[in-house]
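Have a look at the structure below before the remarks.
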Amino acid sequence: MKLSQLKIGAIGIIKEFTDLEMSVKLMEMGCLPGETIKVERVAPFGDPIAISVSGYQLSLRKLEASTIELI
Amino acid sequence: MKDRLRIALVGNPNTGKSTIFNALTGLNQKVGNFPGVTVDKKIGFSKLANNTTLEVVDLPGTYSLYPKSVDETIVFEVLSDKNNPSHPDLVLIVADATNLKRNLLLYTQIADLGLPIIIALNMMDLAAKSNMDIDVDGLAKRLNVPVVPIAARKTQGIEELKKAIQYHSNQPFQTPTIDIEIIAPDLIKSISEELNIDNPYVALQIAHQYQNLRYLTKAQISQIETFEKQYDFHSQKSQAAETIARYNFINDVLLDTVKYNSVALEENISNKIDHYLTHKIWGFVIFIAILFAIFQSIFAWSEYPMFLIENVFVWLAEVGHRYLPEGVLTNLLIDGVLAGLSGVMVFIPQIALLFAFISILEDTGYMSRVTFMMDRLMRKVGLNGKSVVPMIGGLACAVPSIMSTRTIENWKERIITIMVTPLVSCSARLPIYTLLISLVVPKIYVLGFINLQGLALMSLYVMSIIAAILVAWVMKGIIKSKAKGYFIMELPVYRMPRWNNVGITMFESVRTFVTQAGKVIIAVSIVLWVLASYGPSNRFEKIDEKYNSPSLLKKYSSVEIVRLKASEKLENSYAGVLGKSIEPSIKPLGFDWKIGIALITSFAAREVFVGTMATLYSVDGDATKMESVREKMAGAKNTQTGLPVFTVASAFSLMMFYAFAMQCMSTMAVVYRETKNIKWPLIQFAYMLVLAYVASFIVYQLLK
Ligand SMILES: Nc1nc2c(ncn2[C@@H]2O[C@H](COP(=O)(O)OP(=O)(O)OP(=O)(O)O)[C@@H](O)[C@H]2O)c(=O)[nH]1
Ligand SMILES: [Mg+2]
């Protein structure tokens with residue numbers, strides 16, 4: 001399952017990335033394979049989303065979230 | 001011991017670097033609760049207990065040494081180039097204690113650059129509240145680096161930090177973090193030899209960043225390029241491998257030193273607040289309500305102080321005329337300089353309030369939420385959610401806002417943001433709007449509480465934002481770029497605004513406004529007064545003669561003669577001739593030649609408009625009757641038709657002109673500096689002028 005498919009409030013664990021360029025940026029922000037992610041909320045127009053990861057909140061677009069594959 | 005020591009503040013965005021900078025240096029570098037407040041290096045000084053002068057360099061925040069946006073490039077440049085004027089003797093890593101894992105990534109990178117390091121563990125106040133136990137000494141031992149726990153916002157631990165700086169070691173003793181060489185052994189070796197570098201990580205970083213490093217020569221760049229082809233180096237793969245290795249190291253360190261018990265308390269509060277502030281429907285309603293409240297307050301709260309300032313200037317002019325010897329110099333001082341200044345200084349309260357409100361928005365963390373909510377919309381028109389920050393900042397002033405676009409990663413989104421930011425109504429337009437609105441919009445309340453004048457002002461602001469968005473949308477289709485934009489952004493926790501910070505922002509804005517605008521206004525007023533008081537060849541003598549003729553003397557009273565003579569002289573002065581020469585082209589917009597003069601004088605800075613009006617109407621007016629600029633303008637009549645100059649049609653047309661026309665040299669200069677291409681400021685100037693003319697024309701023709 002992809003992060004972009006996760007519902008609000010749901011929790012997932014990062015498995016891998018499907019886009020190399022995006023993965024470099026996301027990993028620097030603390031999104032690493034094995035990390036737990038929680039979807040906190042979705043912006044009023046349905047995009048971007050806000051997630052909790054490694055102890056803080058990160059916002060990213062659905063498109064970017066779709067490159068994160070969950071376990 | 002050297003008597004001078006340079007330290008650089010390095011860390012993730014929004015970790016409190018500038019707060020520490022301010023605490024160390026006593027300066028007032030801008031602080032705000034969103035990532036990307038500082039976009040350029042800033043230097044300040046401090047003294048240590050042993051009398052060493054400490055040079056402190058504040059840098060933009062970054063998540064890693066691999067820059068994602070223009071502002072971040074400077075960090076590696078300063079740290080890697082020994083000849084850089086800001087290259088530090090010691091790096092102060094500012095880490096957010098509540099988010100150590102992500103913060104330590106940058107630490108491990110810098111540790112490997114081989115510079116002496118001290119870690120300032122900031123936000124300890126929040127860490128203490130959050131049921132998280134950090135073994136500070138354990139961390140220091142593991143990394144073999146001094147770690148100083150602080151809470152910069154409360155200035156806790158700053159003395160200890162200074163001590164640690166004083167007793168720092170000149171050698172990098174930190175424990176090595178990861179095996180660098182294994183990532184690209186041959187390439188690192190070749191680059192190290194070619195550039196004569198002894199640190200493998202610096203060599204690896206250069207392998208990634210050589211195209212953007214200004215200190216490399218062309219020959220060196222092409223040599224590195226050849227190496228990379230030869231060894232089949234893939235930058236992104238290498239970065240990914242490096243990052244994973246670093247996090248393995250960090251996880252190892254944190255396992256022994258940090259114990260998490262539960263979710264942070266502050267974050268829960270932030271979550272609850274966000275539930276409302278970024279709510280599907282309420283989110284936008286609240287945003288608009290906040291803006292609305294801000295503009296209503298700016299109008300309402302500034303009314304009384306403005307009235308006071310206005311009266312002080314009227315009183316000063318009266319006193320001046322009574323006690324100063326009559327003559328050219330007195331006239332210059334009172335009708336030129338004082339009148340010009342009064343026109344603008346009246347707006348100090350409004351500008352201070354505007355800056356205060358924006359600073360509160362920035363300080364609470366709300367700005368990031370607006371960014372989050374707006375990204376989808378902004379993307380549709382070729383902008384980025386992050387464009388919201390410069391656009392809201394543009395309400396105050398376009399110049400720093402255009403600099404703040406450096407945080408926008410994508411070139412096209414950044415250029416479009418730069419191009420449209422000056423359309424957003426800045427504080428220099430506020431005096432013009434307020435003055436003209438007060439002339440033609442009645443001061444009544446709609447629905448009992450909405451001030452009609454405030455409403456008119458707010459509509460102008462809304463219009464300016466809509467215009468910016470439409471222009472962005474057009475430019476999205478014109479500017480070509482393949483690189484895709486992205487939006488990966490930290491959402492900081494909410495914080496209470498610090499009122500002294502808000503106070504300082506107000507004070508600073510007023511100070512800059514008074515000194516900057518004051519200088520220009522005094523200069524322009526003097527020039528203008530001279531141009532308005534003298535005329536080409538013998539035109540003035542002829543006018544004197546004309547009004548000495550017995551037939552006229554009989555026809556008018558002496559007071560009237562004085563007035564008629566003055567206005568005819570103004571019309572024939574150099575300024576008058578200048579204004580008259582452009583009158584034909586601005587007549588369709590409803591402007592007379594006097595407004596024409598103001599358009600010319602305020603070409604470089606909008607602030608000058610009100611001052612010019614004040615000067616012109618003082619020269620023209622009856623020197624014995626003291627009135628404020630507003631009263632003078634309200635009474636202004638067109639010399640040919642005898643009708644009032646400022647009608648609803650002409651006033652709104654004029655506001656349209658100032659809403660859209662560039663009229664700001666500083667903005668053009670900063671756009672040139674940020675884009676490094678003269679093309680952009682010129683295009684911007686041209687499109688804004690066209691917009692201004694068309695909008696004014698339509699408004700005047702419709703309302704007249
Ligand atoms: N609770 C708490 N907040 C702090 C502390 N230090 C700084 N802050 C707040 O953190 C926010 C960011 O501070 P800045 O000093 O602007 O951070 P910065 O690292 O310079 O940020 P950039 O310039 O964007 O990289 C502000 O709202 C500060 O008030 C602290 O010790 N405790
Ligand atoms: Mg800063």
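Brief remarks follow.
- Calculated from backbone phi, Karplus (6.51, -1.76, 1.60) coupling profile of the range B:85-92 in Hz, x at Gly/Pro: x, 9, 4, x, 7, 8, 9, 9
- Taking packing as the residue-averaged number of other Cβ atoms within 10 angstrom, the listed peptides B:201-208, B:36-43 run from highest to lowest as B:201-208, B:36-43.
- Alpha-carbon centroids, the range B:83-151 and the range A:1-25: separation in whole Å: 29 Å
- Distance between the 7 Å Cα→Cβ label points at A:E21 and B:T330: 7.3 nm.
- Each 20 Å bin, from zero up to the one with the longest distance, holds this percent of the alpha carbon pairs of chain B: 16, 42, 28, 12, 2, 0.
- Restricting the range B:215-286 to chymotrypsin sites (Phe, Trp or Tyr not before Pro) in coil, as DSSP defines it, with at most 13 other Cβ within 10 Å: B:Y215
- Average beta carbon contacts from partner chains per residue of B:483-490, 10 Å cutoff: 6
- Computed lengthening from B:N638 to B:Y304, 0.36 nm per intervening residue step minus Cα-Cα distance: 117.1 nm
- For the peptide B:563-570, the mean number of other protein chain Cβ atoms found within 10 angstrom of a residue's Cβ is 0.
- Dipole in debye (nearest 20) - the protein assembly as shown, about Cα centre, beta carbon charges: Lys, Arg +1; Asp, Glu -1: 1960 debye
- Among the chymotrypsin sites (Phe, Trp or Tyr not before Pro) within the range B:378-470, those in coil by DSSP and having at most 12 neighbouring Cβ atoms inside 10 Å are B:F449.
- Shielding of peptide A:38-46 by partners, expressed as the average count of other chain Cβ atoms within 10 Å per residue Cβ, is 6.
- Simple spin-label estimate for B:K580 and B:Q230 in nanometres, 7 Å along Cα-Cβ: 7.7 nm
- Backbone amide hydrogens, once placed in the peptide plane, bring A:Y56 within less than 5 Å of nothing, excluding anything fewer than 5 places away on its chain.
- Projecting the Cα atoms of B:N83, B:Y66, B:T53 onto the dipole axis of the range B:53-92, where Lys and Arg carry +1 and Asp and Glu carry -1 at the beta carbon, places B:Y66 farthest toward the positive end.
- Estimated FRET transfer efficiency when R0 is 22 angstrom, pair B:E541-B:V562 (beta carbons, to 0.05): 0.85
- Counting only residues at least eight positions apart within a chain, or on another chain, the lysines with an alpha carbon under 30 Å from that of B:K546 are B:K554, B:K555, B:K565, B:K569, B:K580, B:K587, B:K594, B:K625, B:K632, B:K637.
- Considering only beta bridges that DSSP places wholly inside the protein assembly as shown, some 65 percent are antiparallel.
- Annotation: amide H of B:V148 within the under-5 Å range of B:I119, B:A120, B:L121, sequence separation 5 or more or interchain, hydrogens built in the peptide plane.
- Cα-based helix-to-principal-axis angle, B:265-277 vs chain B, degrees rounded to 10: 40 degrees
- Taking amide hydrogens as placed 1.01 Å from N in the peptide plane, the amide H of B:F45 sits under 5 Å from those of B:V56, each at least 5 positions away in sequence or on another chain.
- The count of lysine pairs in the range B:137-214 with alpha-carbon distances below 30 Å, taking only pairs 8 or more places apart or on different chains, stands at 5.
- FRET E, pair B:D179, B:Q211, Förster distance 30 Å, beta-carbon r, rounded to 0.05: 0.70
- Entry note, chain A: relative contact order of 44 percent, from Cα contacts under 8 Å with a spacing of 6+ residues.
- In percent, rounded to a whole number, the relative contact order of the range B:180-260 is 31, using alpha-carbon pairs under 8 Å and six or more apart.
- Helix axis angle, B:665-675 relative to chain B longest principal axis, alpha carbon, degrees: 30 degrees
- Cβ crowding within 10 Å averaged over residues, with B:217-223, B:386-392, B:74-80 ranked highest first: B:386-392, B:74-80, B:217-223
- When shorter helices are ignored and each DSSP H run of at least 4 residues is given -39500 (n - 2.57), the per-residue value for chain B at 222 nm works out to -19000 deg cm²/dmol.
- Ranked by the mean number of other Cβ atoms within 10 Å per residue, highest first, peptides B:356-365, B:187-196 order as B:356-365, B:187-196.
- Stretching the chain fully between B:N51 and B:S549 yields a gain of 171.3 nm (0.36 nm per residue, less the alpha carbon separation).
- Working note: Karplus 6.51/-1.76/1.60 with θ = phi - 60° gives the range A:56-69 the couplings 8, 9, 10, 10, 8, 6, 4, 4, 6, 5, 6, 8, 9, 8 Hz, where Gly and Pro are set to x.
- In chain B, the longest principal axis of the Cα atoms and the axis of helix B:574-586 are about 80 degrees apart.
- The eigenvalues of the Cα gyration tensor, multiplied by 5 and square-rooted, give the protein assembly as shown an equivalent ellipsoid with semi-axes of 57, 28, 25 Å from largest to smallest.
All of the numbers you see were taken from the coordinates with simple rules; none came from a lab. This one's a predicted model, so the numbers in the text were calculated from it and none came from an experiment. So basically every Cβ, Gly included, is an ideal-geometry build from the backbone, and we count neighbours across all protein chains shown.
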